[in-house]
């Protein structure tokens with residue numbers, strides 16, 4: 001988002017027919033909160049299409065990509081890895097370390113579904129929790145990116161947008177075609 | 001959460017068979033981020049059960065409640081109303097007003113699905129956007145509550161928890177039965 005190294009989101013554990021909307025929300029949040037791309041397992045092609053359509057309409061260079069082998073992708077990642085999990089250490093205590101690391105390295109953020117294979121916990125430089133309560137990988141990702149970008153993500157501008165929403169006190173105003 | 005007036009979340013536009021998981025995530029985020037209760041339309045009974053089961057296991061007094069008539073409920077609300085919408089005014093510019101209002105009044109936060117009836121825009125004291133980009137009502141709610149409680153929600157304690165997650169550098173540790 002801000003000229004530092006790339007921030008990629010990897011969504012794992014997608015179950016076709018059950019997780020489409022959750023996976024789509026993960027991708028849209030990744031985009032709206034300043035990540036550079038989201039990576040889905042290839043079973044999530046309908047979520048990929050939705051994300052890329054939104055990018056085309058609302059601007060920016062964010063893209064959804066597909067991979068076939070999650071394990072290979074994670075193990076060959078060249079950069080730092082954060083795994084968001086309710087079992088991890090509090091984000092508040094370690095986000096400064098992540099921010100410092102991000103000054104020199106690309107960052108991969110892994111968000112899982114209900115079952116996360118153990119190699120993910122091992123591959124992660126940080127297993128971080130956004131509270132230790134059960135809630136939502138969508139909310140955890142939003143709060144993580146908000147802390148990473150320290151609120152600046154709320155004021156991004158979007159290049160080449162076909163549609164633009166103009167904030168209103170009441171009602172809706174959309175500019176564009 | 002913190003001795004001020006009650007914070008309630010109202011989820012509208014729930015479509016049975018399609019929105020269960022999104023609605024459940026809205027409720028779990030409401031709980032984990034310090035709201036007092038979530039109100040669902042009565043068609044969302046499976047989400048209500050999930051939320052109340054989580055509260056029973058992980059503690060606290062948060063509850064999911066059902067209503068039959070959304071319009072009547074909103075119009076008779078005695079307090080302030082925030083409607084979270086991508087079409088609204090930026091949260092950054094108005095959150096201080098909401099915080100001040102919350103010192104003296106209960107707060108109702110309305111999160112919608114794709115179509116929101118116009119009376120909601122009119123009933124709201126503030127129509128607020130968390131970015132003007134399409135993303136997720138789950139993420140919008142998390143960021144709103146985080147700003148309302150100014151990060152203190154991440155350090156809540158939970159009374160009468162049967163299960164408690166102990167933060168780990170790697171792996172999982174759950175205390176309780």
Checklist outcome for this item: Most fluctuating of B:154, B:141, B:128 in the GNM of chain B (C-alpha, under 10 Å) is B:154
Item to check | Candidates B:156, B:133, B:89: whichever shows maximal mean-square fluctuation once chain B is modelled as a Gaussian network with Cα springs under 10 Å | outcome: B:133
Item to check | Rounded Å value of the spacing that divides the Cα centres of segment B:1-60 and segment A:140-172 | outcome: 25
Checklist entry - So between residue B:78 and residue B:152, what do we pick up on full extension, going 0.36 nm a residue minus the alpha carbon distance? => result 24.0 nm
Checklist entry - What share of the DSSP beta bridges in chain B is antiparallel, in percent to the nearest 5? => result 10
Next on the checklist: For a quick check, take a GNM of chain A with Cα springs below 10 Å and name the residue from A:71, A:55, A:80 with the largest mean-square fluctuation.
Outcome noted: A:71
Next on the checklist: If you take each beta carbon of peptide A:85-95 and count the beta carbons of other chains within 10 angstrom, what is the mean?
Outcome noted: 4
Item to check | Number of partner chain Cβ atoms within 10 Å, mean per residue of A:168-175 | outcome: 6
Next on the checklist: What does the copy distance list look like for residue B:15, label position 7 Å along Cα→Cβ, in nm and ordered from shortest?
Outcome noted: 2.1
Checklist entry - Most exposed first by the Cβ proxy, i.e. fewest other Cβ within 10 Å, how do B:77, A:126 rank? => result B:77, A:126
Item to check | Taking A:58, B:73, A:119, B:33 and counting other C-beta atoms within 10 Å, the order from fewest to most | outcome: A:119, B:73, A:58, B:33
Checklist entry - If each residue's Cβ is checked for other Cβ atoms within 10 Å, how do A:46, B:129 rank with the fewest at the top? => result A:46, B:129
Checklist entry - What are the label-to-label distances in nm, one decimal and shortest first, from residue B:169 to the same spot in the other copies, with labels 7 Å along Cα to Cβ? => result 5.5
Checklist entry - Roughly how crowded by other chains is peptide B:18-27, in terms of the mean Cβ count from those chains within 10 Å of each of its Cβ atoms? => result 3
Checklist entry - Based on the Cβ-Cβ distance of residue B:43 and residue A:71, what FRET efficiency does E = 1/(1 + (r/R0)^6) give at R0 = 25 Å, to the nearest 0.05? => result 0.05
Item to check | Other-copy label distances relative to residue B:53, 7 angstrom Cα-Cβ extension, nm | outcome: 3.3
Next on the checklist: For Cα pairs less than 8 Å apart in space and 6+ apart in sequence, what is the mean separation divided by the residue count of segment A:7-176, i.e. the relative contact order in percent?
Outcome noted: 28
Checklist entry - Label point 7 Å out from residue B:97 along Cα-to-Cβ: which residues of segment B:122-147 have amide N under 13 Å? => result B:124-129
Next on the checklist: Could you work out [θ]222 nm for chain B from helices alone, using -39500 (n - 2.57) per DSSP H run of at least four and dividing by all its residues? Round to the nearest 500 deg cm²/dmol.
Outcome noted: -10500 deg cm²/dmol
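Any read-out appearing in this document is the output of simple, stated calculations on the displayed coordinates, not a laboratory observation. The model shown is predicted, which means the values in this text are computed figures rather than measured ones. All Cβ positions, glycine included, derive from the backbone under ideal geometry; neighbour counts span all protein chains shown.
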